[in-house]
């Protein structure tokens, strides 16, 4: 059995419970202090580090940790290049021996004292969602494998944060997430995307709970999609690139005309993603965004969620070309269409990208207002 002093993000009890894999009430813990040390924020990061200094580091003392507990903690903290060292801390029982995670990451630049309250408000919910998926791989994947998945794990966590913060504008049944009971969750596949299998029951319209059913869902992320529109020249930009979906369906048109689009990365807002993707995919600086809508791609079996925008921009003749990030093997060509040309494509059903059609139909309803504001 081991005792551990935690001074950073693991002081956030919901996160600690996820990492240890049990309810907070089942964890033997109390507040404690480590003299001669301070907890610094790290410039450009959302976690702290412990350093010797004139001060007292506040934390939690976790007592009686099992070998499995320590292995779970090592698995989680292993992603942050930490090692364990012995220390003596002060608790309500007096001086107690414990161990603490420290790092020799010399590249970290301290930036003031770290605040648990500030961190929890800014990152707590996101980090708990991220840790739930990370810790689900404990015992089945190495830490290195999980580290390679972190960008997509973070993107999926961000999607859950966004979902939890969105206002419910219309819900005629008044049924909610609290009316779903999950009894089992497994991830048989996880990479850039993942598949999750649920055993669950849900409330029926007569008020009773359904029998337990088994359902699978494709775990995508939130995505920002933006249709660039020049209200002065009255034209839009569309981008074209190779897509695997039509290829796997054996569609004779694997290169698709689309709005600019990209995954909402961990810590990003959809608006930030829209501006970033406009630069990456077309070299565009958007003047402003108009919100078109928010919607699921296919809610019956997919979590992918679209934040769709009209991006007001300057679109001269020479703005088109081939762009994209080489690191992501992107090869994206842009095209300009007058409003009348692109609406003719809609009318002829020559476009088969749903968010693009939705954005163009929205533009047809709001075009005069957008042009008047230019």
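P(r) of the chain in 10 Å steps, Cα pairs, percent per bin?
4, 19, 25, 21, 17, 10, 3, 0
When the Kirkwood hydrodynamic radius is evaluated over all pairs of different C-alpha atoms of the range 225-374, what value in angstrom, to one decimal, is obtained? Write down the numbers at each step before the final one.
Values: mean 1/r = 0.0634 Å⁻¹.
Computed over Cα pairs of the range 225-374, the Kirkwood hydrodynamic radius comes out at 15.8 Å.
Using Cα pairs under 8 angstrom and six or more residues apart, how large is the relative contact order of the chain, in percent?
Details: 682 pairs, mean separation 45.7, N = 374.
Worked out over the chain, it gives 12 percent.
Give me the percent of Cα-Cα pairs in the range 270-324 that sit more than 18 Å apart, rounded to a whole number. Display every interim value, and only then the final one.
Values: 638 of 1485 pairs.
The calculated P(r) of the range 270-324 puts 43 percent of pairs beyond 18 Å.
Cut-off 10 angstrom, C-alpha nodes, Gaussian network model of the chain. Which of 59, 139, 78 fluctuates the most?
139
Among 154, 294, rank each residue by its count of other Cβ atoms within 10 Å, from fewest to most, as a rough exposure measure. Intermediate results must be reported in sequence, preceding the final value.
Values: 154 21, 294 14.
Fewest to most other Cβ atoms nearby, the residues stand as 294, 154.
Could you identify which residue out of 317, 222, 206 has the top mean-square fluctuation in a GNM of the chain using Cα springs shorter than 10 Å?
Of 317, 222, 206, the Gaussian network model singles out 206 as fluctuating most.
Pop a pseudo-label 7 angstrom from the Cα along the beta-carbon direction at both residue 252 and residue 346 and give the gap in nm to one decimal.
With each label placed 7 Å out from Cα toward Cβ, I get 2.7 nm.
Angle check, please: helix 125-136 long axis (alpha carbons) against the longest principal axis of the chain (alpha carbons), in degrees 0 to 90, nearest 10.
Approximately 80 degrees, to the nearest 10.
Rank 174, 272, 33 by mean-square fluctuation in a GNM of the chain with C-alpha springs under 10 angstrom and give only the top-ranked residue.
Residue with maximal mean-square fluctuation among 174, 272, 33: 174.
If I stretch the segment between residue 215 and residue 43 completely, what's the gain in nm (0.36 nm per residue apart, minus their alpha carbon distance), one decimal?
Net length gain for the segment: 57.6 nm.
Kindly state, to the nearest 0.05, the FRET efficiency for residue 272 paired with residue 145, given R0 = 30 Å and r defined as their beta-carbon distance. Could you put the intermediate results ahead of the total?
On the way: r = 29 Å, r/R0 = 0.96.
In this case the efficiency is close to 0.55.
So if we plug the beta-carbon distance of residue 265 and residue 243 into 1/(1 + (r/R0)^6) with R0 = 22 Å, what FRET efficiency do we get, rounded to 0.05? Present the calculation step by step, with values, prior to reporting the outcome.
Details: r = 20 Å, r/R0 = 0.92.
The calculated FRET efficiency here is 0.65.
Output the Kirkwood hydrodynamic radius of the range 2-116, Cα pairs only, in Å rounded to one decimal.
Values: mean 1/r = 0.0697 Å⁻¹.
Roughly 14.3 Å, rounded to one decimal.
Mean shadow of the range 94-164, computed from the convex hull of its alpha carbons, in nm²? Show your work: numbers first, answer last.
Working: hull surface 31.6 nm².
For the range 94-164, averaging the hull's shadow over all directions gives 7.9 nm².
Expected output is a single nm value to one decimal: the length gained when fully extending between residue 279 and residue 232, i.e. 0.36 nm times separation in residues minus the C-alpha distance. What is it? Intermediate results must be reported in sequence, preceding the final value.
Details: separation 47, 0.36 × 47 = 16.92 nm, distance 2.07 nm.
Between residue 279 and residue 232, full extension yields an extra 14.8 nm.
What ranking do 181, 143 get, fewest neighbouring Cβ atoms within 10 angstrom at the top? Write down the numbers at each step before the final one.
Details: 181 13, 143 16.
Neighbour counts put them in this order, fewest first: 181, 143.
For the chain, find the longest principal axis of its Cα atoms and tell me its angle to the long axis of helix 67-77, 0 to 90°, nearest 10.
40 degrees
Using the eigenvalues of the Cα gyration tensor, what equivalent ellipsoid semi-axes result for the range 208-269 when each is taken as the square root of five times the eigenvalue, whole Å, largest first? Numbers along the way, then the final one.
Values: eigenvalues 218, 81, 30 Å².
The answer is 33, 20, 12 Å, longest axis first.
Between residue 326 and residue 287, what FRET efficiency comes out of the Förster formula 1/(1 + (r/R0)^6) with R0 = 25 Å and r the beta carbon distance, rounded to 0.05?
0.35
Once every DSSP H run of n ≥ 4 in the chain is given -39500 (n - 2.57) and the sum is divided by its residues, what mean residue ellipticity at 222 nm do you get, rounded to the nearest 500 deg cm²/dmol?
Working: 9 runs with 104 residues, N = 374.
For the chain, the value works out to -8500 deg cm²/dmol.
Please express the Cα-Cα pair-distance distribution P(r) of the range 143-219 as a list of whole percents, one per 10 Å bin, running from 0 to the bin with the greatest distance.
Distribution as computed: 15, 36, 35, 12, 2 percent.
Calculate how steeply helix 354-372 sits against the longest principal axis of the alpha-carbon atoms of the chain, using the helix alpha-carbon long axis, and give the answer as 0 to 90 degrees to the nearest 10.
Once rounded, the angle reads 70 degrees.
State the antiparallel share, in %, of DSSP beta bridges confined to the range 222-372, rounding to the nearest 5. Don't skip to the answer; put the middle values down first.
Details: 26 of 34 bridges.
Close to 75 percent.
FYI, it's all coordinate maths here, none of it is from the lab. None of the values given here were measured: they were computed from a predicted structure. Here Cβ is always computed from backbone atoms with ideal geometry, including for glycine, and neighbour counts include all displayed protein chains.
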